[in-house]
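Right, one structure below, let's go through it.
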Amino acid sequence: KVPYFPLDAFTFTAWVNPGDQPYGLAQIFSAWAKGGDDPLRVVIDGGQVFVRVEGQGNFGSGGVPIEKGQWTHVAAVKSGGSLILYVNGEKGGEVGIPSMGRHTSASDFALGANPHHTGPEFYRGSIDDFAFYGKAFSADEVKKVFEEGLDLSLAP
């Protein structure tokens, strides 16, 4: 549970080591509340990692290949109308997102699954050094987390 889900600015960061993904979509992070209300999902789909949002439409970054059995740093940064995917400290994709207004009913999130859907969207693999911040990291801050690890001074 979260007291509120930030809509204008946030950062998700984690190290992932994917195993076999027997289904098409594997949720690394999901804040899906209901159809059309998903302020962030980080997924593996077809051997690539994406960041996606559902709200006043469906929006997603381009995919970046991700290797099974290899540790990879993944970050998603939302700043205003932009959602950026970083992989191993480098920008991997970006998508423009219209304002979701000031509302989402998302009040929680899940790692490795969708918090409110029992369908086969489970991530198989390991997740380490996960963090979710209510602010947008700069590209330099994402690179620093990739190179040096989490720094609690980055918290708002």
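The values are calculated or read from the model by the stated rules, or taken from the named source; none is laboratory data. Keep in mind that what you see is a predicted model, and the values were worked out from it rather than measured. When we count neighbours, we look across all protein chains shown, and the Cβ atoms used for this are built from the backbone with ideal geometry, even at glycine. These accessible areas exclude ligands, DNA and RNA; they are computed on the full protein's heavy atoms, side chains included. Shrake-Rupley method; radii C 1.70, N 1.55, O 1.52, S 1.80 Å.
Side notes on the structure shown:
- Residue match in the stretch 82-93 (condition: modelled with pLDDT of 95 or more, on the phi > 0 side of the Ramachandran plot and in contact with a Ser or Thr (Cβ under 8 Å, 6 or more places away or on another chain)): yes
- Residues (open to solvent by 40 Å² or more (accessible area, probe 1.4 Å) and either assigned to a strand (DSSP E or B) or within 19 Å of residue 115 (Cβ to Cβ) (or both)) located in the stretch 25-53: 32, 34, 35, 36, 45, 48, 52
- Of the residues making up the stretch 33-85, just one is among the hydroxyl-bearing types (Ser, Thr, Tyr) and touching a Leu at 6+ places or on another chain (Cβ under 7 Å), namely 61.
- Selected residue (only one of 78, 91, 1, 68 is among the charged types (D, E, K, R), open to solvent by 30 Å² or more (accessible area, probe 1.4 Å) and part of a strand (DSSP E or B)): 91
- Subset of the stretch 111-122 that is open to solvent by 20 Å² or more (accessible area, probe 1.4 Å) and under 16 Å from the mean Cα position of the chain (by Cα) - its residue that is nearest to residue 84 (Cα to Cα): 111
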